[in-house]
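The values are calculated or read from the model by the stated rules, or taken from the named source; none is laboratory data. Just so it is clear, the structure is predicted and the values come from calculations on it, not from any experiment. A quick note on method: Cβ atoms are made from the backbone with ideal geometry, for glycine too, and the neighbour counts reach across all protein chains shown.
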Amino acid sequence: MVSHQALPEAVRRFRPTCPGCSATAALKDPARPCSSYDCPGLPADLQVTCAECMYDFAFEDGQVKCDHATCEEALRLESNVPTFRAWLDLLEAESGPAAAVR
């Protein structure tokens with residue numbers, strides 16, 4: 001697991017800003033921000049959903065349309081999952097245990 005201090009600064013500072021969205025909303029399950037984490041200003045290190053097939057690597061959800069062992073985009077997105085999970089943990093720590101519904 002990636003520690004909060006090891007997260008890139010852009011990731012540590014990023015919070016969902018869409019109308020009606022919040023850090024608490026990002027922690028709810030199965031609700032996910034924008035259904036694909038396509039928040040304005042989302043750092044590249046937090047991208048976990050394929051823009052082409054909408055496969056979500058963090059939750060292993062969707063229809064796979066490529067070979068994850070060879071697709072460069074899939075490999076990049078899959079490598080972001082530990083950072084994404086550490087970011088969710090950071091949001092949970094900031095919001096308190098009552099905010100986590102996942």
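If you scan the stretch 4-25, which residues turn out to be charged (D, E, K, R), within 19 Å of Ser79 (Cα to Cα) and surrounded by fewer than 14 Cβ atoms within 10 Å (Cβ to Cβ)?
Pass one, the stretch 4-25, residues charged (D, E, K, R): 9, 12-13, 15.
Now narrow it down to the ones that are within 19 Å of Ser79 (Cα to Cα): 9, 12.
Of everything in the stretch 4-25, just one residue is charged (D, E, K, R), within 19 Å of Ser79 (Cα to Cα) and surrounded by fewer than 14 Cβ atoms within 10 Å (Cβ to Cβ), namely Glu9.
Filtering the stretch 88-97 down to residues that are assigned to a helix (DSSP H, G or I) and not aliphatic (A, V, I, L, M), which residue is farthest from Arg15 (Cα to Cα)? Break it down into steps so the answer makes sense when it comes.
Let us first name the residues in the stretch 88-97 that are assigned to a helix (DSSP H, G or I), namely 88-95, 97.
When the remaining residues are screened for being not aliphatic (A, V, I, L, M), the result is 89, 92, 94-95, 97.
Working: Asp89: 13, Glu92: 12, Glu94: 11, Ser95: 12, Pro97: 18 Å.
Ranking the qualifying residues of the stretch 88-97, first place goes to Pro97.
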Output for the stretch 90-99, where each listed residue is within 17 Å of the chain's Cα centre (by Cα) and modelled with pLDDT under 90: Leu91, Glu92, Ala93, Glu94, Ser95, Ala99
Entirely in the stretch 1-87, the helices (runs of 4 or more DSSP H) that have 3 or more residues that are modelled with pLDDT of 90 or more: 9-13, 72-79
